[in-house]
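Notes for the one structure printed next.
The values are calculated or read from the model by the stated rules, or taken from the named source; none is laboratory data. None of these values were measured; they are calculated from a predicted model. Here the Cβ positions follow ideal geometry from the backbone for every residue, glycine too, while neighbour counts run over all protein chains shown.
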Amino acid sequence: MGEVVAVIRIMPESADVDMSKIMDAIKGAIPSYARLHGMQVMDIAFGLKALKVAVIMGDKCGGTEEIERNMAKIPDVESVETEEVGLL
């Protein structure tokens with residue numbers, strides 16, 4: 001069984017959101033079949049930041065829908081979108 005990495009972009013509701021709180025909550029939103037590889041805060045514009053999260057999981061685990069749903073439930077998160085999925 002191979003592994004894939006998914007890069008997921010998380011947008012906060014506003015520029016005033018504490019990104020560290022979202023980052024802490026993401027650690028608990030990852031299902032047991034996946035593992036967090038890394039997180040990076042990216043500047044977008046006008047003080048707004050996005051969070052890029054890399055998650056590694058087995059290629060037989062299915063898609064990223066459950067991960068996206070879990071992350072979308074985090075307070076102060078406006079949107080969650082998988083940007084890229086690739087084999088490791």
Enumeration of residues in segment 23-35 that are surrounded by 11 or more Cβ atoms within 10 Å (Cβ to Cβ) and either within 10 Å of Lys49 (Cβ to Cβ) or basic (Lys, Arg) (or both) = Arg35
Residue pairs qualifying under the 7 Å Cβ cut-off, at least six apart or on distinct chains, with the first in segment 56-79 being more than 11 Å from Ile10 (Cβ to Cβ) and the second being aromatic (Phe, Trp, Tyr), are Met57/Tyr33; Gly58/Tyr33; Cys61/Tyr33
Lys52 passes all but one of (1) surrounded by 14 or more Cβ atoms within 10 Å (Cβ to Cβ); (2) assigned to a helix (DSSP H, G or I); which number fails?
-> (2)
In segment 44-54, which residue that is touching a strand residue (DSSP E or B) at 6+ places or on another chain (Cβ under 7 Å) and at pLDDT below 95 is nearest to Ile26 (Cα to Cα)?
-> Lys49
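Each row is one residue, and each column tells you yes or no for (1) touching a Ser or Thr at 6+ places or on another chain (Cβ under 9 Å); (2) of a type in the set (D, E, K, R); (3) within 18 Å of Glu83 (Cα to Cα).
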residue	(1), (2), (3)
Gly28	no, no, no
Gly38	no, no, yes
Phe46	no, no, no
Ala54	no, no, yes
Met57	yes, no, yes
Met71	no, no, yes
Looking at Gly58, Gly38, which one is at pLDDT below 95, out of contact with any helix residue (DSSP H, G or I) (no Cβ under 7 Å at 6 or more places or on another chain) and not acidic (Asp, Glu)?
-> Gly58
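Got a number for residues in segment 61-79 being assigned to a loop (DSSP other than H, G, I, E, B), of a type in the set (Val, Ile, Thr) and touching a helix residue (DSSP H, G or I) at 6+ places or on another chain (Cβ under 9 Å)? Please lay out each step first, then the result.
We begin by selecting, within segment 61-79, every residue assigned to a loop (DSSP other than H, G, I, E, B); these are 61-64, 73-76.
Filter again for of a type in the set (Val, Ile, Thr), leaving 64, 74.
If we keep only those that are touching a helix residue (DSSP H, G or I) at 6+ places or on another chain (Cβ under 9 Å) as well, we get 74.
So the answer is 1.
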Filtered residue count, segment 1-47, keeping only those that are without any contact (Cβ under 8 Å) to a residue 12 or more places away in the chain, in a helix (DSSP H, G or I) and within 19 Å of Thr64 (Cβ to Cβ) = 2
Return the total of residues in segment 55-76 being loosely packed, with under 15 Cβ neighbours inside 10 Å and over 17 Å from Ala25 (Cβ atoms).
-> 6
